[in-house]
Amino acid sequence: MGKRVLLIEDEPNIIEAISFILSRDGWTVHTHEDGTTAMDKVNALPPHLIILDVMLPGRSGFDILRDLRANEPTKAIPVMMLTARGQAKDRELATRLGANHFMTKPFSNTEVRDHVRSLMEA
C-alpha cells in the first residue's frame, strides 16, 4: 500500500488542487472538511502525513494539532499546516504546537509536492 495523506481542508478548490498534485505524485489522498470530527477521521485510518488547514468549521486546525500531538498513536505523524493567514504569530503558534511545516495560501503545485516529499524523508 502506498503512502496516505489526509487533507483536512474546507475549500473545495484547495481540496481539488492538492488532491490532484499528490495523487499524480503517487499518494492516496483522503479528505475531510470538518474540524469537529477531524480526529475521528485521523484515528479511523491514521495517515502517513496530514495537511491541516487552520480555519475549519467546528474547530481550528490549531486545536486539532494540539490533539494530534497529545495523542500517543498520532503524535509522530508529520503535519503541514496550511493557511491563508501567514502572520508571524500563527507560524509561531503552529511551531510551538508541533507542526512540521507551515505553508501559506496561495501556494504553487511544486511547493506543495516538494514539502510533502521532504516531510516524508525526514
Please work out which one of (1) modelled with pLDDT of 95 or more; (2) farther than 17 Å from Ala99 by Cα is the condition Leu6 fails and give its number. (2)
Considering only residues that are under 12 Å from the mean Cα position of the chain (by Cα) and either modelled with pLDDT of 95 or more or open to solvent by 80 Å² or more (accessible area, probe 1.4 Å) (or both), which ones fall in segment 79-93? Val79, Met80, Met81
So, in segment 95-106, how many residues would count as being part of a helix (DSSP H, G or I) and aliphatic (A, V, I, L, M)? 1
Can you name every residue in segment 102-122 that is among the aromatic types (Phe, Trp, Tyr) and exposed (fewer than 15 other Cβ atoms within 10 Å of the Cβ)? none
For Ser60: the one exception among (1) closer than 19 Å to His101 by Cα; (2) touching a Ser or Thr at 6+ places or on another chain (Cβ under 9 Å): (2)
By residue number, the members of segment 32-73 that are open to solvent by 50 Å² or more (accessible area, probe 1.4 Å) and within 19 Å of Val116 (Cβ to Cβ) are Lys41, Leu45, Pro46, His48
Looking at Ala76, Ala99, which is the one that is open to solvent by 50 Å² or more (accessible area, probe 1.4 Å), closer than 23 Å to Lys3 by Cβ and aliphatic (A, V, I, L, M)? Ala76
Are any residues in segment 26-82 touching a Gly at 6+ places or on another chain (Cβ under 9 Å) and among the basic types (Lys, Arg), and if so, which ones? Arg59, Arg66, Arg69, Lys75
Which of the residues belonging to segment 21-36 are touching a helix residue (DSSP H, G or I) at 6+ places or on another chain (Cβ under 9 Å) and not charged (D, E, K, R)? Ile21, Leu22, Trp27, Thr28, Val29, His30, Thr31, His32, Gly35
Boolean, Asp25 is more than 22 Å from Asp114 (Cα to Cα), among the acidic types (Asp, Glu), over 11 Å from the mean Cα position of the chain (by Cα) and open to solvent by 40 Å² or more (accessible area, probe 1.4 Å): no
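The values are calculated or read from the model by the stated rules, or taken from the named source; none is laboratory data. This is a predicted model, so every value here is computed, not measured. Glycine also receives a Cβ, built like all others from the backbone with ideal geometry; neighbour counts cover every protein chain displayed. Accessible surface areas use protein heavy atoms only, side chains included; no ligands, DNA or RNA. Shrake-Rupley method; radii C 1.70, N 1.55, O 1.52, S 1.80 Å.
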